[in-house]
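Here, each number is a calculation from the coordinates, and none is a lab measurement. Worth saying up front: this structure is predicted, and the values here are computed from it rather than measured. No Cβ is skipped: glycine too gets one built from the backbone with ideal geometry, and neighbour counts run over all protein chains shown.
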Amino acid sequence: MHAQSSVDGIVTDSVSGNAIPYCTVKLMRPPAGMVLNTQTDKDGKFVFTNINKGRYSVEISYVSYTPYSTAEFEVSGEGVLHLPHIRMAEARKNLQEVTINAIRKVMDIKPDKTTLNVAGSAILSGSAASELLQQIPGVSVNEKGQVRLNGKSGVTVMIDGKNATLSGDQLYEYLQNMQGESISKVEVYAIPPAKYDAAGAAGLINIITKKSNQKGFNGTVTTGYNQGFFPNFMESVAVNYKRKKLNIYASYNYSNLRKSVDFVLDRAISGDQPVNIHEDTYFLPHFRNHTAKLGIDYDITKKDFISLNAYYNSFSKIRSIHDTSTASSSRPGIDSSYNTWTDNNKKLTNYAFTVNYLRNLSSSGHKIEFNYALSKFDNTDRRVNRNASYNNTDELIRPVQHVINNAPFNIYNHIGRIDYTLPLSNGMLLEAGTKGSWTRQRNYLRYDSLTNGHYENVESRNNDYRYKEDVLAGYINAKKDIKGLTVLLGLRVEHTSSASELLLKDIAYKYDYTDFFPSASLSKKINRHHLLNLSYSRRINRPSYQDLDPTLIYVGAYYYVTGNPLLKPDYTSAVNLTETFRDRYSLTLGYSRTSHPITGIHTIDSITHVDISTSINLDARNIISLTLLAPFDIASWWTVENSVGGYYDQFKANNYLGRSYNKEQFVYNISTIHTFTLPASYRFDVSFKYESPRIFGLEKLESLINLSVGAQKSLLNKKANIKLSVYNILNKLNYVHHYVYANVNGREANYLDLRQLRLSFTYNFGTSQMKGRKSSADVDNAESRIKDR
């Protein structure tokens with residue numbers, strides 16, 4: 001057995017000599033980080049027991065005092081190590097300034113991770129999750145649910161560390177209806193460690209929802225109003241009760257939203273009989289969303305911790321769609337037109353249950369963790385269409401068609417995971433784990449047409465698609481500090497077994513493969529101000545079930561969407577070299593190469609001129625990037641978070657439709673967030689983000705601009721907060737694509753109702769209001785536990 005010791009100390013005020021109770025005290029061990037945390041008692045004393053041999057330090061924090069860190073010390077054997085008397089100095093700020101500075105930055109940008117702190121921002125109040133992601137440098141989310149990071153698709157989206165499972169339109173609608181009032185922060189990893197899934201060639205985005213951990217009974221009530229083209233309303237309530245070892249928390253969110261969308265499509269098709277197609281589709285959706293969450297945390301013993309969570313989400317979308325399409329052989333004359341009126345009723349219901357068990361095997365960070373998650377998505381999608389075709393004199397070409405499409409889908413997902421952490425006496429940290437994921441998806445399309453006054457099923461248009469995917473994985477990480485050089489090596493192995501079936505056509509596709517995903521990182525501190533980091537990773541982007549599903553989905557008279565069951569996964573290898581200065585400024589040079597990148601493509605039927613949007617594998621994609629992160633303080637009340645980046649992007653297709661393509665583009669983006677903290681609890685935020693034109697496969701996207709401003713103020717003795725903002729002032733968040741290949745020259749534009757005036761009011765109640773100093777320590781403890789988990 002390892003010899004174990006105790007470490008104790010006492011904390012007092014450096015001027016008065018009085019004891020400081022309820023300080024947060026953390027026991028740190030490089031390179032593992034924090035291994036234990038506690039609080040000082042009423043006499044300012046603290047103690048850590050059962051400490052293994054090794055080198056440690058202690059970090060202490062308390063409201064209105066300057067944080068304190070001890071020098072490293074050696075624990076060499078049994079007995080008690082008494083630390084020298086610790087005297088903390090009060091910060092040279094008045095209480096009002098301390099309270100203001102306690103508000104976190106809107107954007108915390110680090111070389112390895114970018115964090116968007118939602119709760120403290122006035123701009124982000126009333127935003128949907130899809131809009132929150134748009135605020136993060138390098139991240140974009142388009143109207144088709146495609147999330148991209150630094151121009152690369154294949155981003156894994158997680159909710160509280162669990163894969164979101166959805167993709168495409170379903171993911172976009174899910175993020176549209178997930179309101180920012182329920183979100184604490186968003187974390188973005190460009191190169192995640194090996195302990196995370198290898199899926200997500202471009203990186204990983206983790207959306208962390210709010211969870212209170214304050215002592216006693218506490219709660220928050222928020223009401224919000226957004227005014228765009230239509231009014232929108234949001235309400236939320238969250239409560240928690242914590243006593244000794246037990247913490248129970250619950251939340252409920254409701255939103256009632258209306259957002260208009262105008263979709264415009266223009267295509268010029270060359271050939272023996274050239275034709276121009278113009279399509280204008282107006283969507284008027286009405287969303288209603290209900291989200292509820294219930295959780296229980298319980299400290300079984302000092303070493304054992306269990307957490308249970310139940311989650312429910314239900315949102316409905318009722319929308320009217322009017323599509324007008326015209327075809328002409330020469331402008332301005334119109335040869336024919338096609339009108340479609342659609343009543344669409346969709347409903348998505350999501351249930352999720354998770355259990356987490358953590359066992360601390362020693363005080364040095366030796367631990368094992370078990371996780372299980374079950375989620376289920378049920379979707380109904382009913383579309384009632386009325387179609388009418390006219391000639392150039394507005395006469396009906398054929399009788400009006402009445403069609404009903406029912407396309408429900410279901411997703412079941414089971415995930416089990418075990419993670420093990422072992423700090424060794426020589427300073428090495430080992431992590432290992434295993435994970436299994438089992439996913440089942442079904443999409444059934446029933447097509448009914450009105451014939452002789454009755455709707456009859458057209459069997460040839462029906463489709464029953466089923467998809468299953470099983471992924472078994474294991475990983476190991478090793479971290480070691482060798483004479484100032486920190487080395488991190490990781491290897492993840494994943495075996496994937498997937499199958500897709502078209503039951504009505506008796507067609508099946510099966511894949512079974514094993515992949516190895518190495519990762520490595522070398523960090524060297526050149527001097528007290530400069531740190532160099534070199535990292536490498538290999539990752540995979542698997543096609544989603546929507547990418548694979550060959551069901552033909554009607555969008556407009558000349559526009560359909562379908563999947564490609566022959567799609568293969570793409571693989572990305574990435575290398576980044578980062579120099580960090582003073583732990584704030586960084587410059588990153590990166591290179592990535594993707595083999596067989598998955599990308600969207602358009603094919604045109606030569607007879608009907610219908611545009612069918614699908615996905616294919618191109619041959620290669622190369623990206624060379626340079627990113628500068630430069631946060632700074634202009635004044636004590638004015639802070640700025642800046643990000644400037646550029647990259648050279650190249651797509652190669654050696655043989656597509658009989659031709660080779662080499663698409664190249666230099667892309668740059670600028671992001672800046674200014675925060676002004678003023679007297680009387682006022683705070684102002686200004687956010688600006690610009691993304692230059694960029695390419696995705698064989699398409700090009702026009703530039704995007706977002707300028708937003710917001711203000712907030714504390715009220716009612718800081719129990720309440722009011723926020724007012726204007727989002728997307730310039731109304732330049734519209735997705736306009738261009739594509740020129742084969743015999744097609746196309747333009748596809750989506751104009752979204754995203755320019756909005758937003759107002760929200762939040763009121764906090766409960767016992768924590770009476771214990772401000774203790775609650776700050778409670779927050780630190782909660783965050784430490786979340787970090788450990």
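Size descriptors for the range 227-320, from the alpha-carbon set: Rg then Dmax equal 24.3, 80 Å.
With θ taken as phi - 60° and the Karplus curve 6.51 cos²θ - 1.76 cosθ + 1.60 applied, the whole-hertz 3J(HN,Hα) list for the range 579-590 is 10, 10, 10, 6, 6, 10, 9, 8, 10, 10, 9, x Hz, x standing for glycine and proline. A straight Cα-to-Cα reach below 13 Å connects LYS713 with the aspartates and glutamates ASP685, residues fewer than 8 places away in its own chain not being considered.
Could you give the length gained by full extension between SER681 and ASP605, i.e. 0.36 nm per residue of separation minus their alpha carbon distance, to one decimal place?
Details: separation 76, 0.36 × 76 = 27.36 nm, distance 6.19 nm.
Length difference between fully extended and current span is 21.2 nm.
Along the range 445-454 the Karplus relation, 6.51 cos²θ - 1.76 cosθ + 1.60 evaluated at θ = phi - 60°, assigns HN-Hα couplings of 10, 10, 10, 10, 10, 6, 9, 6, x, 10 Hz to successive residues, with x for each Gly and Pro. Between VAL487 and HIS322, the simple label model (points 7 Å from Cα in the Cβ direction) yields a spacing of 6.9 nm.
Inter-label distance, LEU626 to GLN227: 4.7 nm, where each label sits 7 Å from its Cα along the C-beta direction. In this rough spin-label picture, where each label sits 7 Å from Cα along the Cβ direction, the LEU534-LEU503 distance is 5.5 nm. Relative contact order for the chain: 11 percent, from Cα pairs under 8 Å spaced at least 6 residues apart, divided by residue count. Relative to the longest principal axis of the Cα atoms of the chain, the long axis of helix 168-177 makes an angle of roughly 60 degrees.
Distances between placed amide hydrogens fall under 5 Å for ASN462 paired with TYR447, all partners being 5 or more residues away or on another chain. For the peptides 358-366, 399-407, the ranking by mean Cβ contacts within 10 Å, running from highest to lowest, is 358-366, 399-407. Here the extension length gained between ARG659 and PHE765 equals 31.6 nm, from 0.36 nm per residue of separation less the Cα-Cα distance.
So for the range 17-66, averaging the separation of alpha carbon pairs under 8 Å that are six or more residues apart and normalising by length, what relative contact order in percent results?
On the way: 79 pairs, mean separation 21.2, N = 50.
Here the relative contact order equals 42 percent.
For the range 402-478 and the range 561-638, compute the distance between their C-alpha centroids and round to whole Å. A separation of 24 Å, based on Cα centres. If you take the Cα centroid of the range 482-542 and the Cα centroid of the range 212-231, the two points sit 38 Å apart. This ranking places TYR455, TYR56 by how few other beta-carbon atoms lie within 10 Å of each, fewest first, which gives TYR455, TYR56.
For an R0 of 41 angstrom, estimate the FRET efficiency from the Cβ-Cβ distance between TRP438 and ARG55 and round to the nearest 0.05. Write down the numbers at each step before the final one.
Working: r = 43 Å, r/R0 = 1.06.
Given R0 = 41 Å and the Cβ-Cβ separation, E is 0.40.
Restricting to Cα pairs below 8 Å that are 6+ residues apart, what does the relative contact order work out to for the range 4-92? Please round to a whole percent. Can you show the working numbers first?
Details: 214 pairs, mean separation 34.0, N = 89.
This gives 38 percent for the range 4-92.
The value obtained for the chain, namely the Cα convex hull volume divided by the number of residues, is 164 Å³ per residue. Taking packing as the residue-averaged number of other Cβ atoms within 10 angstrom, the listed peptides 520-529, 302-311 run from highest to lowest as 302-311, 520-529.
Please label the shape of the range 4-92 as rounded, prolate or oblate, based on the square roots a ≥ b ≥ c of the eigenvalues of the alpha-carbon gyration tensor (a/c under 1.5 means rounded; beyond that, a/b larger than b/c means prolate, else oblate). Kindly include the intermediate steps, with their values, before the conclusion.
On the way: a/c = 2.14, a/b = 1.70, b/c = 1.26.
Judged from the Cα gyration tensor, the range 4-92 comes out prolate (a/c at least 1.5, a/b above b/c).
In summary, the aspartates and glutamates within cross-link reach of LYS435, defined as a Cα separation below 13 angstrom excluding same-chain residues under 8 places away, comprise ASP197, GLU369, ASP419, ASP470, GLU494. Specify which residue in the list ALA268, ILE318, THR342 is farthest towards the positive end of the charge dipole of the range 253-357, using unit charges on the beta carbon of Lys, Arg (+1) and Asp, Glu (-1), about the Cα centre. Of the candidates, ILE318 comes out farthest on the positive side.
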